[in-house]
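First the structure, in the form of C-alpha cells, and then the observations on it.
Please treat every number below as a calculation from the coordinates, not as lab data. Keep in mind the model is a prediction, meaning the values are calculated, not measured. Ideal geometry is used to build each Cβ from the backbone, glycine not excepted, and the neighbour counts take in all protein chains shown.
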Amino acid sequence: MLGFVVRRLGQTVLVLFGVSIIVFSLIHITPGDAVDVMFAGENVSAEQREQYRRQLGLDQPLVQQYLAYMASAAQGDLGTSIRRGTPVTEIIGTTIPATVELTLAALLVAVVIAVPVAVVSALRQGSVWERGGNLLALFGISMPSFWLGIMLILVFSAGLQWFPASGRVASGTGLQQITGFLLVDAVLQGDWAAAWSGLVHIALPAVTLGTAITATLSRVLRSGLLEVKGQDYVEALRARGLRFTTLLRHMLRNALPASVIVMGVRIGSLLGGAIVVEVVFGWPGLGRLVVDAIQNRDFPLVQGAVLVLAVLFVLVNLFTDILQAWLDPRVTLTGVSR
Amino acid sequence: MRKPHHPHPRRALVLLAGLALTACAGGGTFDDTGDAAGGAGSGAGQLVIAQSADILTMDPHMHRTRTTQNVVHTVFESLVGQDTNLDPVPELATGWEQADDRTWRFHLRENVRFHNGEAFDAEDVKFSIERILDPEQASLRASMLEVIDTVTVEDEHTVVITTDAPAPTLLAGLAVNEIVPSEYVTEVGDERFAAAPVGTGPFRFAGWTPNESVNLTANPDYWGGAPSVDSLVFRPIPEVASRMAALQSGDVHIAAEIPADLAGELGDGAQAVGVPGTRVFFLAMNVTAPPFDQHEVRVAANRAIDKETLANALYEGRARALDQPAYPEMVGYAEDLRGYDFDPAAASAVLQAVPEPVQIDSIEATRTLAEAVAGQLQAAGLKAEVTVFEEQAFLDRIESGASTAYVSSWGVAEGDADVILARHFWSPSRDGAFYTGYTTARRDDLISRGRSTHDPQERERIYAEAMQIVMDDAPWVPLLNPEEISGVRDSVRGWEPSPIGRFNVADVALESN
C-alpha cells in the first residue's frame, strides 16, 4: 500500500511538472507579443508596454523566466494581476472556498439522489421505477448545465421566487470570514440567518452542478449493485434471513469501489463544470475568476488560476486513486506493488 | 494497512474537506455593511445594482473598464461632470475659464472633505493628475490626459492647467478621471489606498468581496446633501438571464446592460429604461483594394443598407440610424449633413456588376449585426460573406490593411466628434493603423484645425465640413447608435440612466413595495 502511494505521488509530481510547463507557456504560445495582446485596442503607450514587459519578466531568457516563475510559485507567489494590481495568490485564495463549497454541495446532492435511485432501479429491475430511474439518468446526462441553470432560475427565482438567482449570501449579513467557507463560518458564529441565506443561495447552483454527476453515479452504482446482486454471498445472506437494510449495506460496500473511481474523475470535471455554473449563478468562485481573467486578458491571473485548477484536479485524482486502493486491495496487487 | 476490514468512505470526505480547509486561510468579512440581513427587498434603504462584471480595483487611476468606473465614481468625483447631453457641468470644480488657448483656470469647490476628513484642495487636483501621468505609476488612464503639460496650484482653491497644444477635449478627459486625496495616498501607499479608498463622493467605501459585492454606505457629510438611501451595493452578475431574474425577484433594484431584444421581457414590478448610448457602429471599407477602391461601390454600399430595419430587427427599435460617423449629442455632429438614403434600386445597379466576393470581418460581439449587413448587401447583389475573428486577429487584420471590409464599433463617451474623426480619419493619430486606408490632405488639415480651435461655433463648422467630406468620400457606412438599457424596479424613485452607463444615485430614493 505504502509503495503504491509513493509510486503514485511520483507520477503526480511528473504530471505537475508538465502542467507547470504548459501553464508557463500560455503567455508565450499566444500568437503575437503577450503585452500587445493584453492591451489590444487600448490606448497604451509604447513606454508603458515596455514597462509591463519588464514587470512580467518578458525581457529575460525563456529558461530563466520559467525558473523564476516556478521558484516564486513554489513559495506561493504567482505574480501580480495586470488588471487589479493585487497578488494573484491572494485573488485566487478568496475564490477557492466558494468553489470547494459548491463542489461539495453538488456532490452531496448527487449522492442523496443517486443512491436511492440506483438501489431502487437495481433491485426492482424491469419495474416502472427502473425505467423512471433510467429516464432521470438520461435526462441528467444530456442536459447542458447552462440551460438547466437558467431554467431553474426562471422557474424558482424569477417565477416562484423561492430561491435567489445569484450570489452566495444576501448582502448585509455582516458575517465574519474565518475559514472562508460561508456555511462553516455562519455555523461557527451561530449566525443562523446567514447560514440559511447561504443555503438558499447554494441550492440552485448545487442542483445544477450535481445533476450531471447524479446521472453518472446512479448508473455506475446500479450496475455495481446488479453485479453483486446475483453473487452467492448475497443469496447466502438473504437465506439467513437478514434484514433488508443490512443486506443492502453489504451490497453497497462491494458495489462502491467502482463508483468511487467514477466520482473521483467526475469531481475533476466538476471543477470544469463549475466554470459554467459559477458564471450562470454569479457564484464568486475560481471558475468565474478564470472567465473574468480571460475576458480581461489578464495573463498572470489566467496562468495562476489554471495552475491552481490543474493542481486541484491532479490532487483529487491522486486522492481518489489512494482511496480506491484502500477500499479495494486488489488495485494495489494488480497495479503497482509487484 | 493491507486490508482494512471496514472501509469508511465518510472518513475520506471529512479528510477531503479538512484538506481544502487548510488550503485557504480566511480574512476580512463576507461583507461589511453590518445592517439588517436580507436581499434588496428587506434591507431598509439599501439600493442594490447589478452589473455584468465585478470591479477590478477601487483605485480610480489603475483600471480602464467601465464597470469599475461606474462603482468608483460613486465614491470619487472628478473636477468636471457630464450631464445627460454629455456637456461638461461643475463637479469638484465650481467653474473654469481659459486665460488663453493653452491655459485653463479651475475654481474648486470649498468646504469639501474626503471621507477620512482630509480637506479637498488644489494640491489634491495637482497630485491626482500628476499621479495619472507619472510613467512610474503606469496608469492605463495616462493617454486620456496626455495633452496636459503642467498643473499649478495658484491658491488653495484655484488650479491652473496648461496643455501642450490647444485642447478642446480637455474637459471631457477630466470628467472621466477622479480626484484622490494626496496626503492619504502618499501616507498609506497605493496598495492600502486601493484596499481602503476614500474619496469625496456621495458614498463611502465599506467593503469589497471579489465577485460577490461592493458595499458602500451613504456619506452623510456629502457636499451635495446626504443620499436618500442608507447603503448601496454593487453586485456582478455576468449572465444576462440571471441578472434579469435577480431584478424580477427583487434581489436587485437596477440591472444594467439589458440587451434590447430582451428588454420587453422584464415583466411586473420592473421596467426597461433606455437612454441614447455613446457607441457608434459602422461598416468600414478598405479604399485601396477592389471592389471598394471604386467610389461608386462605396456609395452603393451606403445606399444598400436599410438602417431602420436593422434598428428594428436587431434592437427592437432601441437604436438610432446614423447618417454620419457621429450621434446627435456629440460636439461636431453636422445637423445639415446630407447622408445617403436607402435606395436598393440604385445600389443594386452598381453592386450587381461587382465580380469579386467580399469578405466582411467581424468579432463575435458584432456577428449578428455584421451578418444582417451582409444580408442586405447580398440582397443588393454583392457577394458578401461574414468571417468572425478572435479579437486580436481582427485587430491585426484591420490595422495591417489585410481586411477588405469590417463591421466594428467605437465608443465616444467623451461626446466629442474629435475622438472618432481623429482616430479613424486623421492620418497623424492612426498610429500606424491602416483601417480603411483613407486619407485626404484637406480633411487632415480640417481635423488638425478642429483640434486646435476653441471657439465652439468654429469647431462645429470645421467638424461639419470634415463630416461632409467623410460622407462624400464614403469610406464608412455609418450604421447605428444603440440605447443603453437598464432594468429598474418600480420602487426606485428619481433615477435616470446616463448615456455613459454611470449610476448617479445620490438622489435616488426607494419606495417600500
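Some notes on this structure:
- Shown for chain A are the DSSP H helices of 24 Å or more along their axis, judged by Cα atoms, with a mean Kyte-Doolittle hydropathy of at least 1.6: A:2-29, A:88-123, A:299-327.
- Neighbourhood charge, 13 Å Cβ-Cβ cut-off, centred on A:Arg54 and excluding it, Lys, Arg +1 and Asp, Glu -1: -2
- Separation of alpha-carbon centers, the range A:195-218 and the range B:323-386, rounded to whole Å: 48 Å
- A DSSP coil position with no more than 14 other Cβ atoms inside 10 Å describes the following GluC sites (Glu not before Pro) in the range B:292-390: B:Glu335, B:Glu390.
- Tensor-based shape of chain B (alpha-carbon gyration tensor, a/c under 1.5 rounded, otherwise prolate or oblate): oblate
- Positive-end extreme of charge dipole, chain A - chosen from A:Ala325, A:Thr208, A:Gln65 (charges on Cβ): A:Ala325
- Partner shielding of B:231-242 amounts to 6, given as the average count of beta-carbon atoms from other chains within 10 Å of each residue beta-carbon.
- Ellipticity estimate at 222 nm from DSSP helix runs (n ≥ 4, -39,500 (n - 2.57)) divided over the protein assembly as shown, nearest 500: -15500 deg cm²/dmol
- From least to most packed, judged by other beta carbons within 10 angstrom and beginning with the fewest, A:Met251, B:Met285, A:Met1 follow the order A:Met1, A:Met251, B:Met285.
- Partner aspartates and glutamates for A:Lys229 [C-alpha distance under 19 Å; skip if fewer than 8 residues away on the same chain]: A:Glu130, A:Asp328
- Computed from the C-beta positions of A:Val200 and A:Gln75, the FRET efficiency with R₀ = 45 Å rounds to 0.65.
- Counting only DSSP beta bridges with both residues in the protein assembly as shown, the antiparallel share comes to about 75 percent.
- Between B:Asp101 and A:Leu108, the FRET efficiency estimated from the beta carbon spacing at R0 = 56 angstrom works out to 0.20.
- Electrostatic tally near B:Thr440: other residues with Cβ closer than 11 Å to its Cβ, Lys and Arg +1, Asp and Glu -1, net -2.
- Applying a DSSP loop filter and a limit of 14 other Cβ atoms within 10 Å to the GluC sites (Glu not before Pro) in the range B:424-513 leaves B:Glu511.
- Top positive-direction residue, dipole computed over chain A with Cβ charges, set A:Leu102, A:Ala74, A:Gly287: A:Leu102
- The gain in end-to-end length when the B:Asp190 to B:Glu511 segment is fully stretched comes to 111.6 nm, 0.36 nm per residue minus the alpha carbon separation.
- A simple charge model with +1 on the Cβ of Lys and Arg, -1 on the Cβ of Asp and Glu and nothing else charged puts the dipole of the range B:327-393 at about 280 debye relative to its Cα centre.
- Take every Cα pair under 8 Å whose residues are at least 6 apart in sequence, average their separation, divide by the length of the range A:204-308, and the relative contact order is 26 percent.
- FRET efficiency for A:Gln189 and B:Thr288, using Cβ-Cβ distance with R0 set to 56 Å, rounded to 0.05: 0.25
- The mean number of Cβ atoms from other chains found within 10 Å of a Cβ in peptide A:102-113 is 1, as a whole number.
- Taking GluC sites (Glu not before Pro) across the range B:187-225, none is in a DSSP loop with at most 14 further Cβ atoms lying within 10 angstrom of its Cβ.
- Between helix B:456-473 and chain B: long-axis angle, C-alpha atoms, 0 to 90°, nearest 10: 60 degrees
- Additional length obtainable on full extension of the chain from A:Leu62 to A:Gln295, 0.36 nm per residue less Cα span: 81.3 nm
- Model label points for B:Ile469 and A:Ala236, set 7 angstrom from Cα along the Cα-to-Cβ axis, are 9.9 nm apart.
- Charge dipole of the protein assembly as shown about the Cα centre (unit charges at C-beta), most positive-ward option of B:Ala417, A:Ile22, B:Gln352: A:Ile22
- In summary, the aspartates and glutamates within cross-link reach of B:Lys383, defined as a Cα separation below 13 angstrom excluding same-chain residues under 8 places away, comprise B:Glu356, B:Glu371.
- Partners for B:Lys307 among aspartates and glutamates (Cα-Cα distance below 12 Å; same-chain residues under 8 apart left out): B:Asp323, B:Asp341, B:Asp343
- Partner shielding of B:142-148 amounts to 2, given as the average count of beta-carbon atoms from other chains within 10 Å of each residue beta-carbon.
- Pairwise centroid distance, computed over Cα atoms, of the range B:226-272 with the range B:127-196, Å: 34 Å
- Among A:Ser157, A:Ser218, the ranking by other beta carbons within 10 Å of each residue's beta carbon, starting with the fewest, stands as A:Ser157, A:Ser218.
- Counting only Cβ charges, +1 for Lys and Arg and -1 for Asp and Glu, the dipole size of chain B around its Cα centre is about 1960 debye.
- In a reduced charge model with +1 at each Lys and Arg Cβ and -1 at each Asp and Glu Cβ, the protein assembly as shown shows a dipole moment near 6220 debye about its Cα centre.
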